1. Can you pull out every residue in segment 59-86 that is more than 16 Å from Arg154 (Cβ to Cβ) and either free of Cβ contacts under 8 Å to residues at least 40 places away in the same chain or in contact with a His (Cβ under 8 Å, 6 or more places away or on another chain) (or both)?
2. Name the pairs: first residue in segment 356-385 and closer than 11 Å to Gly330 by Cα, second residue surrounded by fewer than 16 Cβ atoms within 10 Å (Cβ to Cβ) and at pLDDT 95 or above, Cβ to Cβ under 7 Å, at least 6 apart or on different chains?
3. One residue is enough: does segment 345-354 have a residue meeting the conditions within 16 Å of Gly330 (Cβ to Cβ) and under 25 Å from the mean Cα position of the chain (by Cα)?
4. If you go through segment 203-230, how many residues are surrounded by fewer than 19 Cβ atoms within 10 Å (Cβ to Cβ) and charged (D, E, K, R)?
5. Being among the basic types (Lys, Arg), touching an Asp or Glu at 6+ places or on another chain (Cβ under 6 Å) and closer than 17 Å to Leu98 by Cα is true for just one of Arg78, Arg2. Which residue is that?
6. Taking into account only those residues within segment 13-41 that are under 21 Å from the mean Cα position of the chain (by Cα) and assigned to a strand (DSSP E or B), which is surrounded by the fewest Cβ atoms within 10 Å (Cβ to Cβ)?
7. Contact list please: Cβ distance under 9 Å, first residue in segment 314-330 and under 10 Å from Ala376 (Cα atoms), second residue charged (D, E, K, R) and open to solvent by less than 20 Å² (accessible area, probe 1.4 Å), pairs at least six apart or on different chains.
8. If we only count strands (runs of 3 or more DSSP E) wholly inside segment 300-405, which ones have 3 or more residues that are buried (at least 17 other Cβ atoms within 10 Å of the Cβ) and of a type outside the set (D, E, K, R)?
Amino acid sequence: MRAVLLGEYRAERLAVPLRQANADVVVLGSTDVRSCLAADVRFGELPVDATADRLVALLRGYDADIAIPNVTSPGQERMLPAYAGVARRWQRLGRRMLAHPSGFAALATDKVLFHETAHRRSWPVPEGVICHDPHVLAGSARRLGLPVIVKEARSESHSGRYLMNSLESLRRLSSEVTYPVLAQRVVAGVEVAVEVLSLPERTIVWPVASLGTLDERCAPGKRIRVMPADLPEWVRNSLAAVIRDMTDGYRPAGPWQLDLAISAGELLVIELNGRLGGLTNLSWLSTGADPHRSYVDATLGRPVVPPDLTHIALELPIPNGSRVPPVPPGLELRSFEGTATNRFPLLSGYYRAVLRVPGGEVNTARAWLSSLPPAALLADPAEAIAQLVQATRAWEKGRHSEPVR
């Protein structure tokens, strides 16, 4: 059995369970990641502008039995619509590939289409203006106020988003972006996110994470992030309704993620991503179920056990080259520094470490966070303590992840 990973992002986390299943593994990517992989894992180039026809030919050239889209690396997310076409043909050949159908892939890769669809299906989203020309974009602030965030329709993670704080900067941007674009009101409140794995028979949902207070930088990676989030019942019900309508209406197949804001008594969908991304470390360490491994199990046709919350997981942003003091017994701190398969820390100047806290060790964790020097983290240690406190409330309430039916 030969498995081909279409993308190099955290490829080692997918390659390990594939090799344990006696698969011959090939990783195709834009960056050579052989230094992160076992010696018997092959590497090849992934053509990011390839059509479905070319991708099918590529898989046949590798004599693949299984294909696994893995699209988080820059330039690869836009390939989701092509993978929808590949999957239809690959499955007709009697081979395995779990990929979102074309309708869902389009929603996940076109922010303008998603905004239009959200209004049609009553998914709550921030107020926005779809702009097809510079005049409409320059005038969008009259309706939305300042600041506004401008998103190019086909932008990917960490690109194609512009926070505009003045009319002058908005006018300058209006002649530089690729149209259409979506201009949206910048909302205040708390950001939350959730990872989902859609299977033919059910939908698996990991616990919801709190990404902290929305800030003017729109940079959740530099905030303290925690799982689980302490959510009011109405938020949980609203989120479940959105996930249910997305799955019923568009039949996703594979991993995806929602970023949301709790703002002024509303739950608003900020973003739909048709992939695994920055939450997988939190999901893994709070439940013991790595979403990457669950994705592999689903592709192989193995049972996927719904994740059960076992720990509080607190994610800390730390400058590259820095270390925090060792944690006391009872806690675990796992660092996720930059590698060839996850280049974001290398480019951004910081990495993330996840503090894994058993329910009975919250006071130990709080004392350790209180002892950190102010420069140890990119965020204030007091913010970490506040996030730990709200996660403890969620833990004590026993709010566990459940499949959305």
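1. Scanning segment 59-86 gives Arg60, Gly61, Gly85, Val86.
2. Pairs found: Arg356/Glu332; Arg356/Arg334; Pro358/Gly330; Glu361/Gly330; Thr364/Pro328; Thr364/Gly330.
3. Step one: of segment 345-354, the residues within 16 Å of Gly330 (Cβ to Cβ) are 354.
Those left that are additionally under 25 Å from the mean Cα position of the chain (by Cα): 354.
Yes, segment 345-354 contains at least one residue that is within 16 Å of Gly330 (Cβ to Cβ) and under 25 Å from the mean Cα position of the chain (by Cα).
4. Matching residues across segment 203-230 total 4.
5. Arg2
6. By that ranking, first place goes to Gly29.
7. That search, which allows pairs on different chains as well, returns Leu316/Arg225; Pro317/Arg223; Pro317/Arg225.
8. Counting at least 3 such residues, we get 312-319, 350-357.
The values are calculated or read from the model by the stated rules, or taken from the named source; none is laboratory data. These numbers were taken from a predicted model, which means no experiment stands behind them. Reconstructed Cβ throughout: ideal geometry from the backbone, glycine too, with neighbour counts over all protein chains shown. Quick note on the areas: whole protein, heavy atoms, side chains included, nothing else; ligands and nucleic acids left out. Shrake-Rupley method; radii C 1.70, N 1.55, O 1.52, S 1.80 Å.
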